Structure formats: structure tokens, C-alpha cells
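Everything on this sheet refers to the single structure shown next.
Read-outs throughout are calculated quantities, based only on the coordinates presented, and are distinct from any laboratory measurement. Keep in mind that this is a model prediction, so the values were computed, not measured. Here the Cβ is made from the backbone with ideal geometry for all residues, glycine too, and neighbour counts use every protein chain on show.
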Amino acid sequence: MSKFEKTNIEIIKNGKEAKISLIGTFTLQDAPFYKDFKTYFKQIENVSSVLLDFSNVKEYDSFLAAIYLKFAEFCIKKTIQLNRINQTEEIQNMIDILTNGLTDQKNDELENKESQFKSFIEDIGKRTKVVLEDSYHFVEFFGDLIIKFLSIIIFPLQVRWKDFPYHFIRAGAAALPIVILIIFLIGLITGYQGAVQLKQFGADIYIANLIGISITRELAPLMTAILVAGRSGSAFAAEIGTMKVSEEIDALRSMGFNITNFLVMPRVLGVLLAMPILTIIADIAGVLGGLIAAISILDVTISGYLNQLQIAVGISDILTGIIKSLIFGFGIAAVGCFRGMQVKGGAESVGKFTTASVVTGIFLIILFDSIFTFVFQALGI
């Protein structure tokens, strides 16, 4: 049994039961005297039930309800049964009103959190559904495109060849300056970074191996594809999307034209032919960038660099890059046309799907490149 003096709260323990007597005044002016409740909580933490006695309360205001809530929250936390005794009707009503209001507030907060969590889960579900539906439609479009592409061998005249040179020049020749500049700079940067490391080991001549293999197998086809995706892929999406908004595609369908053969295939074939050519030119630009870095930093001559390059880089390395570029090109054109076909509404939708074509195109390029890396590694190529 224990008793605390110098306060208006008296706690008497009897085994697993405790009685808390509130004595005297409990107003907001008395609040500074009730800062440390840990002392009280420590005395009742091991009991199973608590009686809160209001018989000796003289003066009070809402602070009395605050005292009750302190003990009530602790008892709930510790699963202790709390009962109120000897309370006047006025005290009972005041505590009930305040505690009910706080309970409703807590319930509202809990419901709000549950609603937010539910909305979050629903949003994930909706986004997942959109991605799956989008993937399904793209695979369907991609499969139809492959069938149409193979059928060209038997029925070449079904394609609108008149548009092919235009798309080839725009995807190839028009992109040549930016491709050469970017890959040249990448070769230069790679050369400088590699030269610093090779110089420490006296392996200066192997800068040609580093540049030659990294450029021909990875960097040239990859960066060329990303640049073409940003230029041609977005352009295809914007063009076909604008035609969709202006109902030109519906008009072509009503006249009996096959949209895939009429609009999509010329673009696909144009990019497909341009990509290997751009990749070969990018190989040369990247190797020249590496050469400048090599002769600037290392004790390497031009002839020594080129001789080592011939030893390090085989025809399989160049063909690896070209094969990648063909697949990248087909994917870029397919994604651009597919996103254009998805446009609905007005100009805002055109911008949305034009952006989506670039993002999706780059994602597929990286994905295909990863797959090719594993496949070629497994085949020992």
C-alpha cells in the first residue's frame, strides 16, 4: 500500500487492484502541479483494475477531464480495466462529452489513414492494370507488325515504298551530325578515363582494346539507338497521333487502306535500314575520339593504336553491334507508331504519348541490350 503526499492525487494499491482518489481542486491553474504522471503510472502498471474516485473533488473545470484521459490512455495501453466511481452527474457529462469528442476524432483519424491506405492500394492496382493492358496491346501490335514485315518478302508491293526514302533520310542522314558528335565525345571521355588507369600499370597500348570493344559492342549501338528514339521515335508518335486526332487515320481506314502497311511499315523499314549505317559511322567516330585521347595522354602512336585495334576488335564485335542496332531500330519505330495509335482526344494527348514513346523506347533499348549481353556471353560471342 502506498500514498503520495504534496499532490491532490492519492493512489492506494491492494494486490492487483488500485484506487486513485482525486482530492481538492483540478483547474487549469493547478496544471503546473501535475506535469509528472510517470510516478503515478509506475504505481499502477502491474495491476489489473483501477478505480478512479471523484468523491473528494471540490473545484474543477476541463482540466479534470484531461487528468482522466491521462489515466484512461495509460490503462488502455496496459490493458487495465478502468472504472469511475462517486462522480456527480455534471462530472460524468463533462468527461463523456470530451472523451466522446476525442474518440470520434481518433476514429476519424483512423478512418482517414485506412482510407489513404486503401486509396494507395487501389492506385497501385489501377496502375498495374494499365501497365498490363498497355503491355498486352503492345505485344499484339508488335506481333502484327512482325507478321506484316515477313509478308513483305512475298508481297512487297503492299507497302507504300514512296514514303520509305523520306523516312530513311530523316532517321539516318538527318541524325548523322548529332550521332557523330555524341559518340565521338563518348569515345574521347572513355579514352581519357581509361588512359589514367592504364598508365598506372604501363599498359598504354591496351587503350585500343578498351575503346574498340566498348564502342563497337556496346556504346555505339546503344547511344545511337537512344538518340534515334529521341528524334525519330517521338516524331513518329507525334505525326501519327496528330493524324489520329484529325481523324485522317479513320478516313484512310474507310477508304480501305491497311494502316500498318500504309503508315507504319515505311517508318519501320526506314529506321531499320538507317540504324546499322549510323552504328558503323558511330563506331568510327568513337574510335577516333579514343585515338585523340590516347595520343594526348599516353605514349601511343597513331599506327600503334590502329594496329592494336585490328588485333583487339574482330568482325564478331562489329557484327554484334550491327545486330543490336537492327533490333533496336525495329523496336524504336514500333514503339513510336504504337504510341501514336494510342492518342485520343486533343493536343494534350499527343504530347503525353509522344513523351511516352521516348520513355518506352529507351526502356526497351536497355532491356534488349541486357538480353543480348547475356545471350552473347552464353554463346561465347
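Between SER49 and LYS70, the modelled label-to-label distance comes to 2.5 nm, taking each label 7 Å out from Cα in the direction of the beta carbon.
Most tightly packed first, judged by the mean number of other beta-carbon atoms within 10 Å of their residues, the peptides 201-213, 51-63 read 201-213, 51-63.
The order of ARG217, ARG170, ARG267, ARG127, going from fewest to most other C-beta atoms within 10 Å of their C-beta, is ARG127, ARG170, ARG217, ARG267. Per-peptide packing, taken as the mean over residues of other Cβ atoms within 10 Å, places 154-161, 351-358 in the sequence 351-358, 154-161 from highest down. A simple packing score, the average count of other Cβ atoms within 10 Å per residue, orders the peptides 179-187, 336-344 as 336-344, 179-187, with the highest score first. Modelled spin labels at ILE97 and LEU181, positioned 7 Å past Cα toward Cβ, are 7.6 nm from each other.
The slack between ARG127 and SER349, meaning 0.36 nm per residue of separation minus the straight C-alpha distance, is 78.1 nm. Using a simple spin-label model with pseudo-atoms 7 Å out from Cα toward Cβ, THR25 and ASN86 lie 2.1 nm apart. Of all complete DSSP H helices in the chain, those with a Cα span along the helix axis of 20 Å or greater and a mean Kyte-Doolittle hydropathy of 0.0 or more are 62-77, 176-200, 265-297, 315-341, 347-379. Given their separation in residues at 0.36 nm each and the Cα-Cα distance between them, ILE154 and ILE371 gain 75.1 nm when the chain is fully extended.
Using 18 Å as the cut-off for backbone N distance, which residues of the stretch 72-95 belong to the label zone defined by a point 7 Å from the Cα of GLU59 along Cα→Cβ? Backbone N within reach: 91.
By the count of other C-beta atoms within 10 Å, a proxy for reagent exposure, LEU263, LEU379 are ordered fewest to most as LEU379, LEU263. Extension gain for the segment ILE302 to SER254, taken as residue separation times 0.36 nm less the Cα-Cα distance, is 11.1 nm to one decimal. Once Rg/Rh (Cα atoms, Kirkwood Rh) is calculated for the structure shown, the corresponding label among (1) 0.95; (2) 0.98; (3) 1.38 turns out to be (3).
Listed here are the pairs LYS162/LYS352; LYS148/LYS352; LYS126/LYS352; LYS13/LYS38; which of them are more than 25 Å apart at the Cα? Distance filter (> 25 Å) returns LYS162/LYS352; LYS148/LYS352. When DSSP beta bridges are restricted to pairs lying wholly in the chain, around 30% turn out antiparallel. Based on alpha-carbon centroids, what's the gap between the stretch 11-88 and the stretch 155-209 in Å, whole number please? Answer, in whole Å: 79.
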